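Enquirer: Sending over a structure as structure tokens; questions will come in a sec.
The values are calculated or read from the model by the stated rules, or taken from the named source; none is laboratory data. Everything numeric here is computed off the predicted structure, so don't read it as measured data. Note that each Cβ is placed from the backbone with ideal geometry, even for glycine, and that neighbours are counted across all protein chains shown. Each accessible area value is taken on the protein alone, full model and side chains, heavy atoms only, with ligands, DNA and RNA left out. Shrake-Rupley method; radii C 1.70, N 1.55, O 1.52, S 1.80 Å.
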Amino acid sequence: MEFRGDASQRIAMISAHLQPSFTSQMEEKNSVMGRENCRGKGGKAGFKVAILGAAGGIGQSLSLLMKMNPLVSLLHLYDVVNAPGVTADVSHMDTGAVVRGFLGAKQLEDALTGMDLVIPAGVPRKPGMTRDDLFKINAGIVKTLCEAGTYDPKKLLGVTTLDVARANTFVAEVLGLDPREVDVPVVGGHAGVTILPLLSQVKPPSSFTPSETEYLTNRIQNGGTEVVEAKAGAGSATLSMAYAAAKFADACLRGLRGDANVVECSFVASQVTELPFFATKVRLGRTGAEEVYQLGPLNEYERVGPEKAKEELAGSIQKGVDFIRK
């Protein structure tokens, strides 16, 4: 980089580089080397991704992982606190994505403008907190973030990838395989008995004894509690949740790119059951969830699961609808 001009210009240039701004008001107006000029424009052409809640326990790890994704060219990190610090930290990683930070309600619109993918990273479950407690907090956050009137049922996708990741891991342990070689569909919801792993549809095709089926189903359904108890008061699933969100986000970006056969389990506007929302396999494409798959053939054990889940799922869905209508 060649420096030109007098000493004051050089100092201003260095200052602008070492103290990147986070709002237009904070720009170094007299600098010939503002952040837009001194920072790279990103690597290859890619997607613009916003993470809302980027300074939280899940958000920081997710920001790290998305900065590493080669499909991302611009990464917007938003939070109501600590966004500048997380942005500065993540921006020092030598990967292609350019990072911008946004702080507080006044900058939310700027954080969302022009984004291809928006990921809300909510509050994780704390010890002693029920899922109902968690819902009240995160639903309020999501409601605030979604009041821009841009609802599209094909583009509003719930991340059930954490349950899939756990299922792949636990099944791989039983089968003695690499988890990356295992694919377990997980449908239904994301709370206890509503989490329905379809072990009869595992890839590679596998068979399980009744005791293995019971063990795996229970462990997959209670994976979140397992982490809460193991952390013994120090939190819940933040790292694995960030990994799952990053994995699902990557699938969304590959779908937006037009890759063929990008299929993931996701919570979507239901076309599978009489419930208005249901997690199932979907094919992701340029317009979002382009195809929603039916459950497929279920064995006797699995046919009981959806019936058990429906009542609790219906209650959870109605709770969400009531919350929004208040």
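Enquirer: Whole number in Å², please: accessible area per residue of segment 85-196, 1.4 Å probe, ligands, DNA and RNA not counted. Can you show the working numbers first?
Expert: Working: 5620 Å² over 112 residues.
Solvent-accessible surface per residue comes out at 50 Å².
Enquirer: Within segment 149-248, what whole-number % of the accessible surface is contributed by carbon and sulfur, with the 1.4 Å probe and all protein chains included in the calculation?
Expert: 58
Enquirer: Right, another one. Roughly how many nanometres apart are two label points built 7 Å out from the Cα toward the Cβ at Ser207 and Thr287?
Expert: 4.3
Enquirer: Please report the net charge: other residues with Cβ closer than 13 Å to the Cβ of Cys252, K and R +1, D and E -1. Present the calculation step by step, with values, prior to reporting the outcome.
Expert: Values: positive: Lys48, Lys154, Lys155, Lys247, Arg254, Arg257, Arg283, Arg286; negative: Asp116, Asp250, Asp259, Glu264, Glu290.
Here the charged neighbours net out to +3.
Enquirer: Continuing with the same structure: Enter the mean projected area of the convex hull around the alpha-carbon atoms of segment 47-184, in nm², rounded to one decimal. Spell out each step's value before the answer.
Expert: Details: hull surface 41.1 nm².
Taking a quarter of the hull surface, the average projection is 10.3 nm².
Enquirer: Okay, next question. So which aspartates and glutamates pass the test for Lys136, namely a Cα distance under 13 Å, with those fewer than 8 places away in the same chain ruled out?
Expert: By straight Cα distance, Lys136 reaches Asp322.
Enquirer: Tell me which lysines have Cα within less than 18 Å of Lys281's Cα, excluding those fewer than 8 residues away on the same chain?
Expert: Here the lysines satisfying the reach criterion relative to Lys281 are Lys154, Lys155, Lys203, Lys247, Lys310.
Enquirer: I want to verify the translational diffusion coefficient of segment 114-250 in µm²/s; compute it with Stokes-Einstein, Rh as the Kirkwood radius over Cα pairs, at 10 °C and 1.306 mPa s. Numbers along the way, then the final one.
Expert: Numbers: Rh = 16.4 Å.
Value of D from the Cα-based Kirkwood radius: 97 µm²/s.
Enquirer: Can you tell me how much longer the chain between Ala88 and Thr144 gets when fully stretched, taken as 0.36 nm per residue apart minus their C-alpha distance, in nm with one decimal?
Expert: 17.6 nm
Enquirer: Taking θ = phi - 60°, what integer Hz values does the Karplus form 6.51 cos²θ - 1.76 cosθ + 1.60 yield along segment 51-63, in sequence order, with x for Gly and Pro?
Expert: Values, residue by residue: 10, 9, x, 5, 9, x, x, 7, x, 5, 5, 5, 4 Hz.
Enquirer: Label segment 175-326 by shape, choosing from rounded, prolate and oblate, from the square roots a ≥ b ≥ c of the eigenvalues of the Cα gyration tensor; if a/c is under 1.5 it is rounded, and otherwise prolate applies when a/b is larger than b/c, oblate when it is not.
Expert: rounded
Enquirer: Find how many whole Å separate the alpha carbon centroid of segment 88-124 from the alpha carbon centroid of segment 241-280.
Expert: 21
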